[in-house]
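The values are calculated or read from the model by the stated rules, or taken from the named source; none is laboratory data. Predicted model only: the values in this text are computed from it and were never measured. Here the Cβ positions follow ideal geometry from the backbone for every residue, glycine too, while neighbour counts run over all protein chains shown.
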Amino acid sequence: MTDPSEQPVPAPPAKPKGLWNILKSHILHPELSPEQVAWSFALGFSIAWNPLLGLHTGMVFLFCLIFRRLHRPLMIMAMLVNNPWTLVPMATASTWVGNLVRGRLHPTNLARVQWHKIGWRSFLTWGGFEAMTTMLKPILKSYLIGGTICTLLALPIGYFLMFWLARRLRRIHWPHLHHSACPPPVLPSGD
């Protein structure tokens, strides 16, 4: 007879590899409901569209402190939809929405904006900030209005898309939760 302590210990499950598999593991978090996963994603996705650049990470950390039962890594991943590669398309979409709401359907002339002069000093000194806002005046109001609208629209869109995806992935990967082997209990009749 063999000693039970000599039997091999099962290896821990391997960490998922690839972006989709990592995201899927967060969506399928066993301790969170699909609603909590959807709210986590929706809040992060909504923050990603916020027009106040530089505050996104702080906003996510604030929401992580306020809402304890949300999935923090998923909220951060959703917020990172806005990154250096997507910043220009997202800002352009926000400005377009702002122009649409303001009734400004003609293209905005951006020839006066000297993009190379906007840098970290534009945010740290009052003179730099004033110079930047003066240069961005043709698009600033449309950008802020459109970004606010996109932020508000991103919340329900992100929620419903992630809720649908979380439920779908759980049906695929956790079929035992939806198809129980036990039949429903039979209630006695009141004859």
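Could you check segment 53-112 and list, in sequence order, the residues that are of a type in the set (D, E, K, R) and under 12 Å from the mean Cα position of the chain (by Cα)?
Scanning segment 53-112 gives a single hit, 72.
Can you tell me which condition residue 22 does not meet? The list is (1) modelled with pLDDT of 90 or more; (2) outside any loop (DSSP other than H, G, I, E, B); (3) aliphatic (A, V, I, L, M); (4) surrounded by fewer than 19 Cβ atoms within 10 Å (Cβ to Cβ), and all the others hold.
(1)
From the set of residues in segment 84-114 that are surrounded by 10 or more Cβ atoms within 10 Å (Cβ to Cβ) and among the polar types (S, T, N, Q), which is modelled with the lowest pLDDT?
Per the criteria, the residue is 108.
Restricting attention to segment 9-19, and to residues there that are assigned to a loop (DSSP other than H, G, I, E, B) and modelled with pLDDT under 70, which single residue is farthest from residue 77 (Cα to Cα)?
For segment 9-19, the residue satisfying everything is 9.
Which ranges mark the helices (runs of 4 or more DSSP H) fully within segment 62-141 that have 2 or more residues being of a type in the set (A, V, I, L, M)? Reasoning before the result, please.
Numbers: elements: 72-79, 87-102, 121-124, 126-135.
Here the list reads 72-79, 87-102, 126-135.
Name the single residue that is surrounded by the most Cβ atoms within 10 Å (Cβ to Cβ) among those in segment 55-83 being β-branched (Val, Ile, Thr) and over 16 Å from residue 150 (Cβ atoms).
Checked segment 55-83; the qualifying residue surrounded by the most Cβ atoms within 10 Å (Cβ to Cβ) is 60.
If residue 122 satisfies every condition in (1) in contact (Cβ under 8 Å) with a residue 60 or more places away in the chain; (2) touching a Gly at 6+ places or on another chain (Cβ under 6 Å) but one, which is the exception?
Looking at each condition in turn, residue 122 falls short on (1).
Name the residue that is surrounded by the most Cβ atoms within 10 Å (Cβ to Cβ), counting only residues in segment 125-136 that are more than 29 Å from the chain's Cα centre (by Cα) and not aliphatic (A, V, I, L, M). So that I can check it myself, show each step before the final result.
First, the residues of segment 125-136 that are more than 29 Å from the chain's Cα centre (by Cα): 125-128, 130-131, 134-135.
Among the residues that remain, those that are also not aliphatic (A, V, I, L, M) are: 125-128, 130, 134.
On the way: 125: 11, 126: 7, 127: 9, 128: 16, 130: 11, 134: 10.
Top of the filtered list is 128.
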